[in-house]
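The values are calculated or read from the model by the stated rules, or taken from the named source; none is laboratory data. Only a predicted model underlies this, so the values are computations on that prediction, with no experimental measurement involved. Reconstructed Cβ throughout: ideal geometry from the backbone, glycine too, with neighbour counts over all protein chains shown. Accessible surface is based on the protein model in full, side chains and every heavy atom, while ligands, DNA and RNA are left aside. Shrake-Rupley method; radii C 1.70, N 1.55, O 1.52, S 1.80 Å.
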Amino acid sequence: MRYRRMYPAALCFAAFLAAIGLILDDPSNILPGLWKIMITEDALITDYMEIAGVGAAFVNSALVTLISIGILYLAKDPINGYTVVEIGLMAGFALFGKNIVNIWPIIGGTFLYAKLRREPFYTYASVSLLATALSPVVSYVALDNGWGNLPAGVLVGILIGFILLPLSAYTYKIQNGMNLYNMGFACGLLALILAPVMSSMGADLSTNYHWATGYNLPLGAAMGGMCIVFIAAGLFFCKRPVWAAWAGYRRLLQTTGRAPSDYLRMLGSAPVLINMGVNGLIGIVFILVTGGDLNGPTIGGIMTIIGFSAFGKHARNITPVMLGVVLGGLLLHQDLGAGAMQLAMLFGTTLAPVSGYFGWPFGIVAGFLHSAVVLYAGSPVSGLNLYNNGFSGGLIAIVLYPIITAAIRHRKPELQDEDYFDAFEHDTPTVPPPPGKEK
């Protein structure tokens with residue numbers, strides 16, 4: 001199997017996360033902090049660094065990462081670019097919403113779905129991890145704050161995992177590859193049903209705002225150092241000449257990023273590692289320059305960008321979208337340093353394919369629209385969907401796609417059946433088409 005060193009590298013990444021927690025906090029605070037994380041409602045925005053300390057937050061991230069690696073390994077999930085996405089996404093959101101307890105019922109639901117269909121679990125392993133975007137629903141129901149109990153929380157989580165598999169397969173098609181966070185859109189649709197049903201049964205749903213500050217220097221140094229290591233590994237430690245690794249990265253920059261764009265299969269590990277490091281540094285710079293905070297949610301956003309650097313995102317297609325969010329914040333008189341705007345800037349890169357496929361001006365327009373839509377998209381679901389930016393991105397992609405293609409018909413992408421079903425089933429390299437000539 002190609003890329004067999006992926007899992008040892010992922011284990012090193014988990015160890016790095018744990019080391020950050022142990023270095024930046026008193027080790028005696030970690031176990032009490034982990035307990036506090038497990039008994040806290042996780043609706044957006046719940047920064048684990050704020051409620052339990054930086055040590056517990058990063059150790060929780062490391063443990064969730066290890067769980068994710070173990071599930072993918074035991075399920076014999078094919079190693080490809082989306083494996084990097086899953087690990088980055090789980091590690092990032094384990095800093096503000098996912099924990100070592102509330103993810104299990106949803107994963108169990110997808111496992112049950114596979115068994116009932118008599119299909120191997122590896123077919124659904126990646127979806128089972130991404131579906132944990134609705135982990136706050138499990139926490140809310142299970143913690144019995146005047147409504148619900150532990151068995152009910154487990155049952156609801158299993159039901160969510162069961163439903164999201166067919167739902168996400170359908171929503172993937174209607175977005176035409178323009179929204180990278182397809183599961184966020186699917187989870188948003190399901191949350192639109194769950195939230196009013198729960199409210200009508202007596203639940204008192206409300207959003208949270210726990211936002212840590214004061215960690216810019218240590219977290220900036222740690223994350224920046226990690227990104228530099230990624231770049232160095234891509235250039236010098238992938239058994240390719242430096243010029244070949246850099247040439248591969250330059251070719252990666254010519255792709256549109258339209259889903260599915262598996263850069264690991266297309267171009268190999270060296271360009272992907274360089275891309276991960278560069279994109280991570282871009283995310284850090286945007287946060288610091290706009291007066292934001294490096295904390296659980298924003299580090300989670302940066303890790304998500306790093307993960308999707310193996311599957312659709314690169315410097316040329318994320319930068320216009322991020323600039324569009326900044327422009328939207330300025331013109332709409334929003335505080336760029338506010339938590340919601342910082343997250344919109346990072347997670348709004350879900351619309352990178354709009355920029356990559358139709359051009360950077362459309363990327364700026366997409367980012368501008370996202371800066372406004374995302375501020376309201378989470379209200380109807382009361383923060384229960386951790387991938388709220390994916391839900392907003394899906395709405396924008398569905399609206400923008402027919403409008404843009406009506407004006408620029410020769411740039412209309414047409415997804416084929418193999419795009420829908422074969423994206424994650426193999427790990428052999430696929431040669432990318434020339435820029436501008438994707439299907």
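Side notes on the structure shown:
- Span-like helix check, the chain: qualifying full DSSP H segments, with Cα axial length of 20 Å or more and mean Kyte-Doolittle of 0.5 or more, are 6-24, 54-74, 150-174, 182-200, 216-236, 269-289, 315-331, 360-377, 388-407.
- Of the listed residues 229, 289, the order by accessible area with a 1.4 Å probe, largest first, is 289, 229.
- Computed over region 201-348, the range of Cα coordinates on each principal axis works out to 57, 38, 33 Å, biggest value leading.
- Relative contact order %, region 1-76, counting alpha carbon pairs below 8 Å whose residues are six or more apart: 41 percent
- Probe 1.4 Å, protein heavy atoms only - accessible area per residue of region 353-395 in square angstrom: 30 Å²
- Across 228, 408, 398, mean-square fluctuation computed from a Gaussian network of the chain (C-alpha pairs under 10 Å connected) peaks at 408.
- Cα-based shape type of region 23-161, given that a ≥ b ≥ c are square roots of the gyration tensor eigenvalues and the cut on a/c is 1.5: oblate
- Ranked by the mean number of other Cβ atoms within 10 Å of their residues, highest first, the peptides 77-89, 17-29 fall in the order 77-89, 17-29.
- Accessible surface, 1.4 Å probe, highest first, among residues 265, 240: 240, 265
- Distance violations [Cα-Cα > 28 Å] among 36/173; 173/239; 76/239; 76/173; 98/239: 36/173; 173/239; 98/239
- Rounded percent of accessible protein surface that carbon and sulfur make up, the chain, 1.4 Å probe: 67 percent
- Contact order, relative form, for region 117-212: 23 percent (alpha carbon pairs under 8 Å, 6 or more residues apart, mean separation divided by residue count).
- Within the assembled protein chains, the solvent-accessible surface assigned to residue 106 is about 0 Å², based on a 1.4 Å probe.
- Hull shadow area, averaged, region 237-295 [alpha-carbon convex hull, nm²]: 5.4 nm²
- In the elastic network of the chain, a GNM with C-alpha springs shorter than 10 Å, the most mobile of 280, 383, 329 is 329.
- The charge dipole of region 208-311, taken about its Cα centre with unit charges on the Cβ of Lys, Arg, Asp and Glu (plus for the first two, minus for the last two), comes to roughly 460 debye.
- Among 131, 217, 180 the positive-end extreme of the charge dipole of the chain (Cβ point charges): 180
- Once backbone amide H atoms are built at 1.01 Å from N, residue 46 has 210 as its partners under 5 Å, excluding neighbours fewer than 5 places away on the same chain.
- Relative contact order computed over the chain (Cα-Cα under 8 Å; 6+ residues apart), in percent: 20 percent
- Dipole-positive endmost among 59, 81, 113 within region 38-122 (Cβ charges, Cα centre): 113
- Mean residue ellipticity (222 nm) of the chain, computed from DSSP H runs ≥ 4 via -39,500 (n - 2.57), nearest 500: -20500 deg cm²/dmol
- Accessible surface area normalised per residue over region 174-294 is 40 Å², counting heavy atoms of protein chains with a 1.4 Å rolling probe.
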